[in-house]
Structures are given as C-alpha cells and as structure tokens.
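Beneath this line is the structure, given in structure tokens, with notes to follow.
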Amino acid sequence: MSNQINVQEETNEAYDAVRNGIGVIDLSATGRIVVKGEDHVEFLDRLVTKDIIFMEEETTLFTLLLQEDGTVIDIINLFKNEDSLTVITTPHKKEMVLAWLQNQKPSGVEIIDISQTHSQLGFEGPYAWKLAQKFLDFEISSLPFQSFVLNQLFGKEFLLARTGVTAEYGYQLLFEKCLEPIVLETVNSFKEEDIKLKKVDWETLETLMLEIRHPYFEFKHLEELNIFEAGLEWFIDFYKDEFYGRESLEQQSEAGVNKRIVGFTTGIESKITVNDEIFIEEQLIGKVIELKESPVLNMKLGIALLEEPFAVSGIGFYVKNKENALYEAHTQSSPYILPKSWSIKIL
C-alpha cells in the first residue's frame, strides 16, 4: 500500500509535515488480531496490565501484554467493539502476539488474524483532523481522544480512531483491503493551501516519537531492563486482582532498581553513538541506548541508561565516544518540544 501513496517522501519534509501539516504513515506492518466469543474480555484482561473489564465501547487503550513470568511480549493498542476486541501489535511482535493468544485462549474464544485482509493507515500533524474529516459525515471535533467510530464506504465497514504516537493530532484508519483504492484516492486528492501532506518513513517517525518520549523506546530495551528500570510502571493497574505476571512485577517493585532510563540532549556536533559510555568526572554512570537528530531543535536527542541517583533531569555529564573524545550532555525532562497541535483547535 505504501508505494501507492502519492505524497513525496523526504526526511526533513516528512518531519516538517508532521510538526506543521499532515504526515501520512503506512501502518500495514502492524499485527491486527480480532478477539471475540464468550468471555473474550475476561480472557484478555488476564493477559494485560490495564483493567479492561469496564472499557467502554468505541474506545482505545494502550497496554502491555505479559507472559506469566512478567516478561513483556508487546505493547498493544486495544479497540473495544460491541462484541469483540481488536488487538493492534507492533510490527516485529505480531507473530509472537498471535501465537501467545492462540496458545492461551480457552474454548469459546475466537482469535482471528486480519493482518492480511485489512489495512491500517495513520495521519498525524496539527492539521491531520482536516484529512480525517474526509472520512466522516459528522464534525470530527466531536470524536474524543482515544476513541473511534465505525463508518461505511461502498457498503464496507471501516474504523476511524483518534489515536497517535507523535503528540500531534493523530488518527488511524482500519479498513478492508478492497477499500484501499478509494482510501488512497481520498488521501492523494487532499489539497489545502499552506498545508503540507507528506508520507512519513519509519526513521523520521522514530525521531518524532523520541521528541515527545513515546514509550516505544523504553519498550525496545525490555530484553535487558525490567518494567521499572524502563519507567513503564504507569502501564500497570496494580489494583487488578489478577493478571499474568503480577507476582513477578510485585517482586521487582519490592526489590527496587539501581538504574533507570532518562532522556538527554547534546550538541548537533557531538560525535557519539549508541552504547557510548557516560561519565561524571571519572565515574562511569551509564551508557547511551538511543540517539536521534531533531531537525527543529538542531540538537541530538538521546535516551541514557543511568545509575541511581543520576537518572534525573538537570544533570550534566560527558559522553565518551569510541575514540575517547568527550562531549557534554544534559539530562532533560520530556517532552523535548511542545507540539503545535497543543495550541491549535479543531474547527
């Protein structure tokens, strides 16, 4: 589907579109799984860290999917339908999530993989709502954040959700593949003076997510970190009576942590890379685990894994690269930028 989106892709232009116009994101690599049947909500509730028993229809929710030992399988987005839940996975975990759900399901619950029959497309940016409006027959301002609506094109049902990953206005379409031509025609025909519409590549999307410290990056490092070291404990509803991995998470919480993830900034000229060591004076306190360049800030943005008590904002340190050159950096609270959407009203 991505090759048919006739909007130019160029890294800086794609970045500028999301921060100042509309970025179009091909989400077809994600996993899309429908869970339905008797007690399907109770079944999924036992597997995730958020309480979804009383989740309202036509709403969305990000949560963690856990194994019994507390290992995180994936960060998933749930869409609550009248008689089913649609699970949206990250691209590289979709097979694992599907296998886990199929292995855990009780009789009476159906697991349906719609990844090959349905497509997913995202629009993000301060004016993304203008494009999303083309798919609705009512005012889009009435669609709340983390909710969705079902509509029809040529007798086929599709879903439009207000959800995103860049802190700009974000929307996602989930639709049958037979609707691709009309969906892409609608996107490609969008024209409004002074609003840029560009396709967004994954590298640019990662930069945009890092600028607002989307938990995607913390999740990437859960093979070497636990949930508390990664700062993802806000994904957990500990008041739930039961969910897979709860006992393990309680033990991790009681044990405490001696290292944490924290964001930092450094000059655009800093010649550093992932895994470079971080020092305060002569003391080794951590390492770089993520690094991107922000076009709008003209700085390098990163995520560091630092020892306690250095994993706080406002700390200055030096990063030593492979040639033993030192570059100054500072920890910083998130977000690194203030998205334009925060100051623009949907009309």
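Just checking, how many residues over the range 326-347 are part of a strand (DSSP E or B), closer than 11 Å to F264 by Cα and not β-branched (V, I, T)? Break it down stepwise before answering.
Residues of the range 326-347 part of a strand (DSSP E or B): 326-331.
Among the residues that remain, those that are also closer than 11 Å to F264 by Cα are: 328-331.
With not β-branched (V, I, T) added as a condition, the list becomes 328-330.
Of the residues in that region, 3 qualify.
Pairs under 9 Å by beta carbon, first residue at positive phi and outside the structural domain of E223 (by TED's automatic domain parsing) in the range 286-308, partner surrounded by fewer than 19 Cβ atoms within 10 Å (Cβ to Cβ) and not aromatic (F, W, Y), six or more apart or different chains?
Listed pairs, sorted by first residue: none to list.
I need the full set of residues from the range 271-325 which are within 27 Å of the chain's Cα centre (by Cα), β-branched (V, I, T) and in a strand (DSSP E or B), in order please.
Result: V288, I289, I303.
Keeping to the range 141-163, report how many residues are on the phi < 0 side of the Ramachandran plot and either in a loop (DSSP other than H, G, I, E, B) or acidic (D, E) (or both).
Of all residues in the range 141-163, those on the phi < 0 side of the Ramachandran plot come to 141-145, 147-153, 156-163.
Restricting the remaining residues to those that are either in a loop (DSSP other than H, G, I, E, B) or acidic (D, E) (or both) gives 143-145, 157, 163.
The number of residues fulfilling the criteria is 5.
Quick one: what pairs do we get from the range 141-162, first residue over 16 Å from V87 (Cα atoms), second among the basic types (K, R), C-beta under 6 Å, 6+ apart or different chains?
Filtered contacts from the range 141-162: L143/R162; F145/R162.
Look through E110, E95 and report the one residue that is in contact with a His (Cβ under 9 Å, 6 or more places away or on another chain) and not in a loop (DSSP other than H, G, I, E, B). Before you say what the answer is, go through the steps one by one.
Values: E95 fails: in contact with a His (Cβ under 9 Å, 6 or more places away or on another chain).
Of the residues listed, the single one that is in contact with a His (Cβ under 9 Å, 6 or more places away or on another chain) and not in a loop (DSSP other than H, G, I, E, B) is E110.
Only one of K177, K130 is in contact (Cβ under 8 Å) with a residue 60 or more places away in the chain, within 15 Å of V18 (Cβ to Cβ) and out of contact with any Cys (no Cβ under 9 Å at 6 or more places or on another chain); which?
Details: K177 fails: within 15 Å of V18 (Cβ to Cβ).
The conditions single out K130.
Got a sec? Which strands (runs of 3 or more DSSP E) wholly within the range 32-91 have at least 2 residues that are more than 26 Å from G122 (Cβ to Cβ)? Write out each step before concluding.
Details: elements: 32-37, 60-66, 72-80, 84-88.
Those strands (runs of 3 or more DSSP E) do not exist here; none qualify.
Conditions first: (1) crowded, with 20+ Cβ neighbours inside 10 Å; (2) under 21 Å from I75 (Cβ atoms); (3) touching a Lys or Arg at 6+ places or on another chain (Cβ under 9 Å). S147 passes all but one, so which condition is the exception?
(1)
The values are calculated or read from the model by the stated rules, or taken from the named source; none is laboratory data. What you see is a predicted model, and the numbers here were worked out from it, not measured in a lab. Cβ: placed from backbone, ideal geometry, glycine included. Neighbour counts: every protein chain shown.
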